[in-house]
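The values are calculated or read from the model by the stated rules, or taken from the named source; none is laboratory data. Not measured: the values here are computed from a predicted model. FYI the Cβ positions are ideal-geometry reconstructions off the backbone, even for glycines, and counts take in every protein chain you see. Accessible surface areas use protein heavy atoms only, side chains included; no ligands, DNA or RNA. Shrake-Rupley method; radii C 1.70, N 1.55, O 1.52, S 1.80 Å.
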Amino acid sequence: MKFFVDVILPLPIPGVFTYSLDEADSNNIQVGCRVIVPFGKKKYYTAIVFSIHHVMPQEYEVKPVFTILDKYPILLPSQLQFWEWISDYYISALGDVFKAALPSGLKLESETMVELNMDYIGSPDLSEKELRVLHLLSDDPIQCITKIAKDSGIDNILPIANSLLERGAILLREELKEQYRPRMESRIRFTKEYNHPDKVENLFELLSNAPKQLDIVIKYVELSSLLNQKEIKEVSKHRLLEGARASSSSLNGLIQKGILEEYDIEIGRLRVENIQEQDLHPLDKSQQKAYQEIEEVFDTKQVCLLYGVTSSGKTEIYIHFIEEYLNSGKQILYLLPEIALTTQITERLKRVFGDKLGIYHSKFSDAERVEIWRKQLSSNPYQIILGVRSSIFLPFQNLGLVIVDEEHETTYKQQDPAPRYHARDAVIVLAHMCGAKVLLGTATPSIESWYNAQYGKFGLVELKERYKDIQLPEVIPIDIQELKRKKRMSGQFSPPLLAMMREALDKNEQIILFQNRRGFAPVVECKTCGWVPKCTNCDVSLTYHKKLNQLTCHYCGYTYQLPDVCPACEAKDLTHRGFGTEKVEDEIKLIFPNISVGRMDLDTTRTKTRYEKIISDFQEGRTKILIGTQMVSKGLDFDHVSVVGILNADTMLNYPDFRAYERAYQLMAQVSGRAGRKNKRGRVILQTRSMDHPIILQVINNRYEDMVQNQLEERQVFHYPPYYRLIYVYLKHRDEKKLDFMARTMASQLRTVFGSRVLGPDKPPVGRIQTFYIKKIVLKIERDVSTQQTKKALLNIKERMLADKRFKSLIVYYDVDPM
Ligand SMILES: Nc1ncnc2c1ncn2[C@@H]1O[C@H](COP(=O)(O)OP(=O)(O)OP(=O)(O)O)[C@@H](O)[C@H]1O
Ligand SMILES: [Zn+2]
């Protein structure tokens, strides 16, 4: 009987692809294993086996599987089921889910290798180019085709290779490069002959004329604790040479004499630390009560929303739940919205759970991620995983509890590339598949989760007081419009903010300043003619970064030199408008020259260690003022912050999006919550030009529920979530006119199915990114309309559009539940 496999390819094409299997191979393969398969002309990909069957496809000729990579699956059945759900719900190809889910070290790269055929006897009519290729191969008979193309200077190498192949002069072979390499360490030991305490004395004598070699042997004896006889320790070559201050040539001498030998072993990248595990903090009365209530919710519901004000001790409650689930042998996934937060929480969790805790996020090297992945499949997986969005794709053999901290954060939603999933929503589905519970925690719930809790889909538990009953910070609004008019501002700082900062610094307390923009100035402008530099790829003005003296596009990352004169009118007076974190830092350094300042934004946190340093510097008081973007707004727990300054609330309020008010409230409430967490009440200065904006008033008076009520009313009237489902349709093309036509055609096609639920096409706030013009169509769909049918219709329309020749090079995608 013939065997076939359906596989997932790492390509943005819907569906799975069928390949045939040898009879012999069919016994060695399981669903979830990786295979190499040919696809298209001479391309090879790593694919994942999705199913094994006997059904011969009728429409096309089936190619055989090239190789099987795994003896055992690298994916669990629940993961495949989860991938399918993501692909289906977010209308994206399984291949896109594959690409997002697997660390790239588990995906192989294909490069065509050319091999000289040693049996080839030659022929008289070889072309000059063919001879050139053969000549290169005679030096090194197996080479990668791209290298040959480069070394021979032949642009179009494929026809030449093809002709040589037909002549039998070369062979092609697919050599697949394994990207993941295990980390190896060289170690040193005595050869069998000398590996005994009795032999050591002889050796010392033997080497008395070679003092350098003697040093090495003495050091080896010490490091290996050979003379203690209990247990001989392994000695790394590096440590030995360093310890003996010897060169590798002296060591080689010993190896040649047959005294020592070198061997390699594979060592993991995952750090094993010996941490003294500490007891949990006992919960106080109200935390205890909340804990009980969550337990009760879990008796009947899968998801519980823990709505607890900032610094009420939600993290402590999570820790108690982790302990409980650990004790019953279950695994726990603890999700955070941002890497910046993992640093602090890692410390808090490590203290209690030691090396039961594994951490997973993109600032880890790919090799480390591969090792975590494999460890999670082993018989000794981490019991707790702390991670950001992508950790929902790790294998969990026994998931019992998922904690989603700061569940309101929009960073849980992946914007680009596909799949555009929301980690909170997706993980609820994953947990459901695994029979696990989900605890969502935040001081400012998302309106969606609040709504779900009000209508009984989620349970709701509240914590209304801060730990130790410290009062929530006092929020003091300052009218900067008025102060600017009277010219009383020092740069971005109002007199009351400066006064409060001075007072805090005098008492050796700390300050956080929040400005939701990075760089120095978001707009550079010619004072004479009004010229503003814009990105050539995107429809946005460029942000000025002073330290680099560069203009940067925050959409495509492209950088430009700041011109000396205006390119439009040649005037020399370029000025800047607006301000970002870099400018705030500059101004602070002028006002407080003797105070050390830290800054946390995308520009200062490119690596994992940079995050850790900024946070630990502030935590240990080495810096007194921390300036930052939304990165400083959430979840961080510092003991000595008494003042928080929100430098400009207005940009948040004016953002053109239906979630702007909700977001503004959450950001301001969260950043305020960093103040006065220990000891005494903190103070927040909120600088704004909109003193009586409802959101400002709600922040000052801590009226979360009023904010939600207002927002819910508006959203019902204007057909927004949680009452309606949103799907955005994005269309991209390099030609603006063509795009215009395509978008209108697409909208009318959508209208034939969805009628007045379709809005647009419109130009989004940034109408061109990375040389592509963009149009957006909005779909607002009632909750009770079948999502299956909606998605089927959407896929059909997309397929039809892309099949139409007039719509060549059009990019279309859907964003389900956009943020
Ligand atoms: N039961 C407790 N025993 C000892 N310390 C506690 C306890 N509860 C809270 N704390 C301390 O109070 C501080 C605030 O608690 P935590 O960080 O857990 O609050 P949170 O609700 O998670 O805050 P946020 O929403 O701002 O992240 C922390 O430093 C924490 O260690
Ligand atoms: Zn750009």
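Quick check, is VAL671 among the hydrophobic types (A, V, I, L, M, F, W, C), closer than 30 Å to GLU799 by Cα and buried (at least 20 other Cβ atoms within 10 Å of the Cβ)?
no
Among TYR813, TYR773, which is the only one that is open to solvent by 40 Å² or more (accessible area, probe 1.4 Å), under 28 Å from TYR655 (Cβ atoms) and part of a strand (DSSP E or B)?
Unique residue meeting the criteria: TYR773.
Just a yes or no: is a residue in region 640-659 crowded, with 18+ Cβ neighbours inside 10 Å, among the aromatic types (Phe, Trp, Tyr) and either part of a strand (DSSP E or B) or modelled with pLDDT under 95 (or both)?
No, region 640-659 has no match at all.
Which residues, counting only those in region 431-455, are open to solvent by 10 Å² or more (accessible area, probe 1.4 Å) and either under 21 Å from ILE86 (Cα atoms) or in contact (Cβ under 8 Å) with a residue 40 or more places away in the chain (or both)?
The answer is HIS432, MET433, CYS434, GLY435, LYS437, ALA443, GLU448, TRP450, TYR451, ASN452, ALA453.
Take LEU726 and tell me if it is touching a residue at least 60 places away in the same chain (Cβ under 8 Å) and either under 21 Å from MET819 (Cβ atoms) or among the β-branched types (Val, Ile, Thr) (or both).
Yes.
Just need a number here: residues in region 525-540 that are touching a residue at least 12 places away in the same chain (Cβ under 8 Å) and either open to solvent by 40 Å² or more (accessible area, probe 1.4 Å) or more than 15 Å from ligand 2 (Cβ to nearest atom) (or both).
Counting residues in region 525-540 that are touching a residue at least 12 places away in the same chain (Cβ under 8 Å) and either open to solvent by 40 Å² or more (accessible area, probe 1.4 Å) or more than 15 Å from ligand 2 (Cβ to nearest atom) (or both) gives 8.
Could you list, in sequence order, all residues of region 284-310 that are in a helix (DSSP H, G or I), within 13 Å of ligand 1 (Cβ to nearest atom) and either in contact with a Pro (Cβ under 7 Å, 6 or more places away or on another chain) or more than 25 Å from GLY682 (Cβ to Cβ) (or both)?
GLN288, LYS289, TYR291
Could you please give the count of residues in region 467-508 that are surrounded by fewer than 18 Cβ atoms within 10 Å (Cβ to Cβ), part of a strand (DSSP E or B) and among the β-branched types (Val, Ile, Thr)?
1
Assess whether THR790 counts as being within 25 Å of ARG659 (Cβ to Cβ), assigned to a helix (DSSP H, G or I) and in contact (Cβ under 8 Å) with a residue 12 or more places away in the chain.
yes
With the structure loaded, tell me whether ILE255 is over 30 Å from ALA426 (Cα atoms), at pLDDT below 90 and more than 16 Å from ligand 2 (Cβ to nearest atom) or whether it fails that test.
No; evaluated as a whole, the condition is false for this residue.
Determine if region 656-675 includes at least one residue that is more than 27 Å from PRO721 (Cα to Cα) and of a type in the set (Asp, Glu).
No.
Quick one: which strands (runs of 3 or more DSSP E) lie wholly within region 550-596 and hold at least 1 residues that are of a type in the set (D, E, K, R)?
Where strands (runs of 3 or more DSSP E) fall fully within region 550-596 and carry at least 1 residues being of a type in the set (D, E, K, R), they are 574-577.
Using the structure shown, decide if VAL584 is at pLDDT 85 or above, more than 16 Å from ligand 2 (Cβ to nearest atom) and assigned by TED's automatic domain parsing to the domain that holds MET652.
yes
Restricting the first residue to region 186-197 and requiring it to be surrounded by fewer than 12 Cβ atoms within 10 Å (Cβ to Cβ), which pairs with a second residue that is charged (D, E, K, R) and in a strand (DSSP E or B) meet a Cβ separation below 9 Å and a spacing of at least six or different chains?
Short answer, once both residue conditions are applied: LYS192/GLU261.
Could you tell me whether GLU713 is over 30 Å from LYS808 (Cβ atoms), within 33 Å of the chain's Cα centre (by Cα) and open to solvent by 10 Å² or more (accessible area, probe 1.4 Å)?
So GLU713 does not fit the description; no.
Give me the residue from region 198-236 that is part of a loop (DSSP other than H, G, I, E, B) and open to solvent by 30 Å² or more (accessible area, probe 1.4 Å) and, out of that set, farthest from ASN252 (Cα to Cα).
LYS230
Which ones in region 311-361 are more than 25 Å from the chain's Cα centre (by Cα), outside any helix (DSSP H, G or I) and either crowded, with 23+ Cβ neighbours inside 10 Å or aliphatic (A, V, I, L, M) (or both)?
Scanning region 311-361 gives SER311, SER312.
Quick check on TYR730: is it in the same structural domain as LEU513 (by TED's automatic domain parsing), among the aromatic types (Phe, Trp, Tyr) and either in a loop (DSSP other than H, G, I, E, B) or closer than 29 Å to ASP539 by Cα (or both)?
Spelling it out, it is not the case that TYR730 is in the same structural domain as LEU513 (by TED's automatic domain parsing), among the aromatic types (Phe, Trp, Tyr) and either in a loop (DSSP other than H, G, I, E, B) or closer than 29 Å to ASP539 by Cα (or both).
Given the residues GLU324, GLU368, GLU347, GLU338, which is the only one that is closer than 23 Å to ILE614 by Cβ and without any contact (Cβ under 8 Å) to a residue 24 or more places away in the chain?
Among GLU324, GLU368, GLU347, GLU338, only GLU347 is closer than 23 Å to ILE614 by Cβ and without any contact (Cβ under 8 Å) to a residue 24 or more places away in the chain.
This table checks each residue for (1) exposed (fewer than 15 other Cβ atoms within 10 Å of the Cβ); (2) touching a residue at least 60 places away in the same chain (Cβ under 8 Å).
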| position | (1), (2) |
| --- | --- |
| ILE511 | no, yes |
| GLY519 | no, yes |
| GLY557 | yes, no |
| LYS583 | no, yes |
| LEU602 | yes, yes |
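Give region 19-32 a look and list any residue that's open to solvent by less than 20 Å² (accessible area, probe 1.4 Å) and outside any loop (DSSP other than H, G, I, E, B), or say none.
TYR19, SER20, LEU21, SER26
Table: residues versus (1) closer than 17 Å to TYR325 by Cβ; (2) more than 16 Å from ligand 2 (Cβ to nearest atom); (3) not assigned by TED's automatic domain parsing to the domain that holds VAL352.
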site	(1), (2), (3)
GLU277	yes, yes, yes
LEU280	yes, yes, yes
LYS289	no, yes, no
GLU296	yes, yes, no
LYS301	yes, yes, no
LEU306	yes, yes, no
SER312	no, yes, no
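Report, by residue number, each residue of region 737-768 that is open to solvent by 40 Å² or more (accessible area, probe 1.4 Å) and either closer than 20 Å to GLU799 by Cα or within 16 Å of ligand 2 (Cβ to nearest atom) (or both).
LYS738, ASP740, PHE741, ARG744, SER748, GLN749, ARG751, THR752, VAL753, PRO765, ARG768
From the list ILE8, ILE13, exactly one residue is touching a residue at least 60 places away in the same chain (Cβ under 8 Å) and open to solvent by less than 10 Å² (accessible area, probe 1.4 Å). Which is it?
It is ILE8.
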